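*Asks:* First the structure, which I've put down as structure tokens, then a few questions once you've had a look.
The values are calculated or read from the model by the stated rules, or taken from the named source; none is laboratory data. Model, not experiment: these values are computed from the prediction. Virtual Cβ from ideal backbone geometry, glycine too; neighbours counted across all protein chains shown.
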Amino acid sequence: SQKIEQNSEALNIQEGKTATLTCNYTNYSPAYLQWYRQDPGRGPVFLLLIRENEKEKRKERLKVTFDTTLKQSLFHITASQPADSATYLCALDMSQGDDKIIFGKGTRLHILP
Amino acid sequence: NAGVTQTPKFQVLKTGQSMTLQCAQDMNHNSMYWYRQDPGMGLRLIYYSASEGTTDKGEVPNGYNVSRLNKREFSLRLESAAPSQTSVYFCASSERGSNYGYTFGSGTRLTVV
């Protein structure tokens, strides 16, 4: 079965630097990959979706890459701010012809002022 | 505001009691989901509904039942609550093929004593 690994449970980054989070998967290449943000006590919020035929997607200070050869996605936040501190979740479609996705356990990002 | 509404936000049950978690979405999405989130385990799919009148088991369905009452509403029932069902429960919805991922509710924090 598909497994998702996010590089670390927690990551500390100095304000103003670029934060890079990693998502690796083990088996089949998904048709698409998603990234979510989750704040304490709240539900995840969708950020970006990247499809298998796309190498890169951007939204404001966010950038996602998708490398099907490495079976990896990288999520970048440029010019990071303390308000970017949250848990970030990677999710992959299960390639079963429906909308079901599986989530990684997330990386807690702390932006230090 | 458009979105996914879950009730209740908090609940304490005694072992063996039953309850229903309610979920409604106003985005006209076909797909709806119930997840549970536990520390160190990430989000795990309990049940899924691809459309009104259909439901499928997810990764952890034991001890739960669901009803897709109509396109808007998807409820989760615990018939005989157990301490292992202490968790945070999230409902979500999506539209197949969309570039906008899942929309999550704010969650129900359930404690079974």
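*Asks:* Tally time: how many residues in the stretch B:57-77 are in contact with a Lys or Arg (Cβ under 9 Å, 6 or more places away or on another chain) and at pLDDT below 95?
*Replies:* 2
*Asks:* Related question: For the stretch A:30-50: of the residues being in a strand (DSSP E or B) and closer than 18 Å to residue B:38 by Cβ, which is nearest to the other protein chains (Cβ to nearest Cβ)?
*Replies:* The residue in question is A:36.
*Asks:* Which one of these is within 14 Å of another protein chain (Cβ to nearest Cβ), touching a residue at least 24 places away in the same chain (Cβ under 8 Å) and among the polar types (S, T, N, Q): A:72, A:6, A:14, A:81?
*Replies:* Answer to the selection: A:6.
*Asks:* Mind listing whichever residues of the stretch B:31-54 are in a loop (DSSP other than H, G, I, E, B), closer than 26 Å to residue A:4 by Cα and either more than 13 Å from chain A (Cβ to nearest Cβ) or touching a Ser or Thr at 6+ places or on another chain (Cβ under 6 Å) (or both)?
*Replies:* Correct list: B:50 only.
*Asks:* So, one more: Can you name the number of the only condition in (1) at pLDDT 95 or above; (2) closer than 16 Å to residue B:107 by Cβ that residue B:80 fails?
*Replies:* Of the numbered conditions (1) at pLDDT 95 or above; (2) closer than 16 Å to residue B:107 by Cβ, the odd one out for residue B:80 is (2).
*Asks:* Select from the stretch A:56-69 the residues that are more than 13 Å from chain B (Cβ to nearest Cβ) and assigned to a strand (DSSP E or B) and write down the one among them that is surrounded by the most Cβ atoms within 10 Å (Cβ to Cβ).
*Replies:* Selected residue: A:66.
*Asks:* Still on this structure: If you take the residues in the stretch B:55-110 that are assigned to a strand (DSSP E or B), touching a residue at least 60 places away in the same chain (Cβ under 8 Å) and farther than 13 Å from residue B:36 by Cβ, which one is farthest from the other protein chains (Cβ to nearest Cβ)?
*Replies:* B:93
*Asks:* Please determine whether any residue of the stretch A:87-110 is at pLDDT 95 or above, over 13 Å from the mean Cα position of the chain (by Cα) and either assigned to a strand (DSSP E or B) or not hydroxyl-bearing (Ser, Thr, Tyr) (or both).
*Replies:* Within the stretch A:87-110, one or more residues are at pLDDT 95 or above, over 13 Å from the mean Cα position of the chain (by Cα) and either assigned to a strand (DSSP E or B) or not hydroxyl-bearing (Ser, Thr, Tyr) (or both).
*Asks:* Still on this structure: Against the condition under 30 Å from residue A:8 (Cα atoms) and either basic (Lys, Arg) or in contact with a strand residue (DSSP E or B) (Cβ under 8 Å, 6 or more places away or on another chain) (or both), how does residue B:3 come out, does it pass?
*Replies:* no
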